[in-house]
1. Which of the peptides 115-121, 319-325 is most tightly packed, and how do the rest follow, going by the mean number of other Cβ atoms within 10 Å of each residue?
2. Note down the relative contact order for the range 1-94 as a percent, whole number, built from C-alpha pairs under 8 angstrom at least six residues apart.
3. Using a 10 Å cut-off on Cβ atoms, rank the peptides 124-132, 63-71, 148-156 from the highest mean neighbour count down.
4. What share of all Cα pairs of the range 83-198, in percent, falls into each consecutive 5 Å distance bin?
5. Cα-based Rg of the range 104-171 per 2.2 N^0.38 Å, rounded to two decimals?
6. Quick check: the angle from helix 44-54's long axis to the longest principal axis of the chain, C-alpha only, nearest 10 degrees?
7. Given the options LEU145, LEU233, LEU270, state which has the largest fluctuation in a GNM of the chain using a 10 Å cut-off (strictly under) for Cα springs.
8. In deg cm²/dmol and to the nearest 500, what is the mean residue ellipticity at 222 nm of the chain if only DSSP H runs of at least 4 residues count, each as -39500 (n - 2.57), divided by the residue total?
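Quick note: the coordinates plus some simple rules give every number you see, no bench work behind them. Since the structure is predicted, the reported quantities are computational estimates derived from the model, not experimental observations. A quick note on method: Cβ atoms are made from the backbone with ideal geometry, for glycine too, and the neighbour counts reach across all protein chains shown.
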Amino acid sequence: MAHASPYRGRKVLVTGGTGEIGEALVRAVLREGAQVVRVFDHDETRSHWLREDLGDPPEVRYLLGSVRDRERLRRAMEGVDVVLHAAALKHVPLCEYNPFEAVQTNVVGTQHVIEAAVDAGVRRVIAISTDKAVDPTSTMGATKLLAEKVVAAANQFTARTVFTAVRFGNVLASRGSVVPHWERQIHAGGPVSLTDLGMTRFMMSVAEAARLVLRAGARARGGEVFILRMPALRLSDLARVLVEALAPAYGHDPARVEVEVTGRRAGERLGERLLSPEELPRVRVLRDMFVVEPAWRKLPAGEATRAPPRREWDSEEAQLLDREAIRRLLRSARVIG
């Protein structure tokens with residue numbers, strides 16, 4: 001069923017708006033016909049670069065600030081209709097060694113976004129989460145789980161604003177992800193560092209991530225978690241495909257670029273889950289996504305949920321992409337030619 005765009009003619013604020021996902025969201029809502037897009041970020045340099053890349057259109061405003069600053073958020077949200085909350089600390093090892101900093105940004109910062117949105121009368125807030133929030137083993141995952149919880153709970157304290165979350169898998173070629181890291185290592189002739197040969201992950205492109213956020217914004221009634229149905233792969237296969245595709249372009253023989261196993265980092269686990277067993281009774285399975293309904297919502301009889309099989313939400317149980325399928329995925333995401 002078609003949904004009217006909640007962005008056309010609206011004023012939209014994107015927190016973390018100069019990050020890989022934030023920038024994709026800025027471009028996406030501009031294509032959707034947003035009247036005003038406010039790019040909220042603490043990174044002055046990347047804000048300048050984005051302004052140059054976009055050609056400084058009059059509907060885009062650049063606001064320097066941090067989600068830790070509640071008063072700055074309140075000023076930034078004046079007159080805003082929709083908030084896309086992408087600001088976060090997301091690197092697992094860094095959050096593991098700086099846990100309270102992760103709490104301050106991912107949990108307290110999200111609460112600040114909620115409070116500012118309620119005060120400003122914002123219509124919709126869509127917060128970005130991660131599959132690492134499912135039965136978390138890391139500080140980053142635990143803080144994102146708490147962020148999901150405070151976003152869902154916000155719906156019970158106001159009827160004016162719809163709060164919802166989207167849960168991402170690994171985003172291909174996003175800043176700080178394994179793909180650009182491995183590309184730098186391949187450029188240098190290797191070795192390519194891999195923490196564990198058996199590690200599996202769900203993968204999505206930056207474009208898919210942005211589309212998921214837009215679709216969630218259109219569908220949300222409040223309190224849901226939206227998750228893209230996405231493929232899983234073994235990271236060792238991804239590394240080898242990248243070596244085969246990129247090494248010749250950098251003047252190296254792919255057969256001589258080694259993959260070096262370095263051991264799992266703090267907070268990492270072998271596989272990821274898109275859903276937790278506790279959530280399964282509340283999952284609606286759509287053609288392209290899972291929707292986890294909040295525990296407090298009673299669904300009409302015609303909207304009964306059905307739990308998907310484990311292979312669709314647990315990367316260790318999933319049917320993994322083979323190397324040729326990984327090549328197609330990388331080409332479609334424009335990571336390789």
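1. Working: 115-121: 18.6, 319-325: 13.3.
Taking the mean over residues of other Cβ atoms within 10 Å, the ranking is 115-121, 319-325.
2. On the way: 150 pairs, mean separation 34.2, N = 94.
Once divided by the residue count of the range 1-94, the mean separation gives 36 percent.
3. Working: 124-132: 26.0, 63-71: 16.4, 148-156: 19.3.
The packing order, highest mean first, is 124-132, 148-156, 63-71.
4. 2, 11, 19, 19, 16, 12, 9, 5, 3, 2, 1, 0
5. Working: Rg = 12.0 Å, N = 68, 2.2 N^0.38 = 10.9 Å.
Output field value: 1.09.
6. 90
7. Top of the fluctuation ranking is LEU270.
8. Working: 11 runs with 114 residues, N = 337.
Value at 222 nm, helices only: -10000 deg cm²/dmol.
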